[in-house]
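Below is one structure, written out as structure tokens; comments come after it.
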């Protein structure tokens, strides 16, 4: 599609950290290479990833004014308990983000309503519309690019709609529950199985484009490089005939984590060839992993330093609660054992029925049974499964280009509408 001939179109990207910002960075780099003007609002932990990628992200401190006395007061109070220097390296940003968001919540529901909402939901109560309006006033974007997070991302979508600015939303793999439906004008979904699910919930099928997820395109780099998995297994004393499971923990301990560990506790005496690499979540308390090791014994060890792609490549199977790591394992052809609270996995957009890549357990008994059936697989079988899954899920190294094309189409459509 053609670029505008006079001045470059302005793209405003709004995103939180983790997988959300990592989805957008390749898209932003591609749009930048085409000559688009980019402004990026990097929320909380997203800022560090954006700087590492070469961008200069904006933050809430860029719109905090001296006269915002309530925001300064609330932000200072909340940041005293909620600022995490290891995640958000600027205390000023935490004060601004928390303060402006809380003051806006008061504007929406009143002082008492804000106090009650924040007591019940914490930061999930935020929908910072007025702060987002300041960003739109400052930047005057032509199109919005964001993902399926609540709070500021959702607020940016609503402000774009107020102003007639087209919006493009990128769904991660598990943003498919009703509470995370993304009300953008154009929606990029990871794979075709998600389209029917979203359409059944009322989203316009014409707004949905199957693009894949740029987060998963690293798989191609792993496949093209010489495997270091055999060397890693030797160093960690994993024998060739042993079954290595990577247990990817979630940040907090809950019934799903307990279900996983209880299942492994019961299974290990019956399956001596099974070894467990316990990978703590980067945002979790290290004591959680230590507690797991004490329960599982000599068959388990903590692996928190191996890069995630290498950790997935070296394992034979992955064990986790609902997580994008599970999809990354499937893309490499690994077996996956998921644990959840119900069997209604289609609502999560997870096509478990395809390619025999995963099991889904909702109890300890089911977990023990599912894990007991897993056996060592040949490299050929893993390669075959991985190829099928990558093809079905558009993991071809071009997801970022397809998403960028949706952004360009959104700009083209609005320009055509204005010209009509």
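The values are calculated or read from the model by the stated rules, or taken from the named source; none is laboratory data. What you see is a predicted model, and the numbers here were worked out from it, not measured in a lab. As a convention, Cβ positions derive from the backbone with ideal geometry for all residues, glycine included, and neighbour counts pool all protein chains shown.
Which is within 29 Å of residue 230 (Cβ to Cβ), modelled with pLDDT under 95, within 21 Å of the chain's Cα centre (by Cα) and assigned to a helix (DSSP H, G or I), of 326, 289, 380?
326 is the lone residue from the list that is within 29 Å of residue 230 (Cβ to Cβ), modelled with pLDDT under 95, within 21 Å of the chain's Cα centre (by Cα) and assigned to a helix (DSSP H, G or I).
Residue by residue through segment 66-85, note down the ones that are farther than 10 Å from residue 96 by Cβ and in a loop (DSSP other than H, G, I, E, B).
Selection gives 66, 67, 83, 84, 85.
Only one residue in 131, 141 is surrounded by 22 or more Cβ atoms within 10 Å (Cβ to Cβ), in a loop (DSSP other than H, G, I, E, B) and touching a residue at least 40 places away in the same chain (Cβ under 8 Å), so which one is that?
Every option except 141 fails the conditions.
Let's see how each residue does on (1) within 18 Å of the chain's Cα centre (by Cα); (2) modelled with pLDDT of 95 or more; (3) crowded, with 22+ Cβ neighbours inside 10 Å:
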| residue | (1), (2), (3) |
| --- | --- |
| 99 | no, yes, yes |
| 117 | no, yes, no |
| 147 | yes, no, yes |
| 159 | no, yes, yes |
| 163 | no, yes, no |
| 168 | yes, yes, yes |
| 180 | yes, no, no |
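Among 59, 35, which is the only one that is more than 15 Å from the chain's Cα centre (by Cα) and over 18 Å from residue 151 (Cα atoms)? Steps first, please.
Working: 59 fails: over 18 Å from residue 151 (Cα atoms).
Only one candidate qualifies: 35.
Given the structure, is residue 184 in contact with a helix residue (DSSP H, G or I) (Cβ under 8 Å, 6 or more places away or on another chain), modelled with pLDDT of 80 or more, assigned by TED's automatic domain parsing to the domain that holds residue 23 and within 24 Å of residue 164 (Cβ to Cβ)? Even if it seems obvious, please write down each step before you answer.
Working: in contact with a helix residue (DSSP H, G or I) (Cβ under 8 Å, 6 or more places away or on another chain): yes; modelled with pLDDT of 80 or more: yes; assigned by TED's automatic domain parsing to the domain that holds residue 23: yes; within 24 Å of residue 164 (Cβ to Cβ): yes.
For residue 184, the condition - in contact with a helix residue (DSSP H, G or I) (Cβ under 8 Å, 6 or more places away or on another chain), modelled with pLDDT of 80 or more, assigned by TED's automatic domain parsing to the domain that holds residue 23 and within 24 Å of residue 164 (Cβ to Cβ) - is met.
Please specify each residue of segment 36-63 satisfying the condition of being out of contact with any helix residue (DSSP H, G or I) (no Cβ under 6 Å at 6 or more places or on another chain), part of a loop (DSSP other than H, G, I, E, B) and at pLDDT 95 or above.
36, 54, 55, 56
Residue 271 fails exactly one of the following numbered conditions: (1) at pLDDT 90 or above; (2) farther than 28 Å from residue 383 by Cα; (3) touching a helix residue (DSSP H, G or I) at 6+ places or on another chain (Cβ under 7 Å). What is the number of that condition?
(2)
Determine whether segment 25-34 contains at least one residue that is part of a loop (DSSP other than H, G, I, E, B) and either in contact with a helix residue (DSSP H, G or I) (Cβ under 6 Å, 6 or more places away or on another chain) or closer than 29 Å to residue 415 by Cβ (or both).
Yes, the conditions are met somewhere in segment 25-34.
Which one of the conditions (1) crowded, with 18+ Cβ neighbours inside 10 Å; (2) touching a helix residue (DSSP H, G or I) at 6+ places or on another chain (Cβ under 7 Å); (3) without any contact (Cβ under 8 Å) to a residue 60 or more places away in the chain does residue 82 fail to meet, given that it meets all the rest?
(1)
Which of the numbered conditions does residue 192 fail, given that it passes all the others? Conditions: (1) assigned by TED's automatic domain parsing to the domain that holds residue 167; (2) under 17 Å from residue 387 (Cα atoms); (3) crowded, with 16+ Cβ neighbours inside 10 Å.
Single failed check for residue 192: (3).
Which count do you get for residues in segment 377-401 that are touching a strand residue (DSSP E or B) at 6+ places or on another chain (Cβ under 9 Å) and either exposed (fewer than 15 other Cβ atoms within 10 Å of the Cβ) or under 17 Å from residue 211 (Cα atoms) (or both)?
Adding up the residues that qualify gives 2.
When you look at residue 264, is it assigned by TED's automatic domain parsing to the domain that holds residue 285, over 20 Å from residue 322 (Cβ atoms) and touching a residue at least 24 places away in the same chain (Cβ under 8 Å), yes or no?
No, not satisfied.
Checking residue 175 against (1) modelled with pLDDT under 90; (2) surrounded by fewer than 19 Cβ atoms within 10 Å (Cβ to Cβ), which test does it fail?
(2)
So for segment 272-280 (the condition being surrounded by 18 or more Cβ atoms within 10 Å (Cβ to Cβ) and either outside the structural domain of residue 314 (by TED's automatic domain parsing) or in a loop (DSSP other than H, G, I, E, B) (or both)), does at least one residue qualify? Spell out the reasoning first.
Within segment 272-280, the first condition is being surrounded by 18 or more Cβ atoms within 10 Å (Cβ to Cβ), and the residues that meet it are 274-280.
From what's left, either outside the structural domain of residue 314 (by TED's automatic domain parsing) or in a loop (DSSP other than H, G, I, E, B) (or both): 280.
Yes, that holds for at least one residue.
Could you tell me whether segment 246-257 includes any residue that is closer than 20 Å to residue 324 by Cβ, assigned to a helix (DSSP H, G or I) and either touching a strand residue (DSSP E or B) at 6+ places or on another chain (Cβ under 9 Å) or outside the structural domain of residue 134 (by TED's automatic domain parsing) (or both)?
yes
Results for (1) more than 25 Å from residue 281 (Cβ to Cβ); (2) in a helix (DSSP H, G or I), shown as yes or no for each residue.
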position	(1), (2)
106	yes, yes
121	no, yes
135	yes, yes
146	no, no
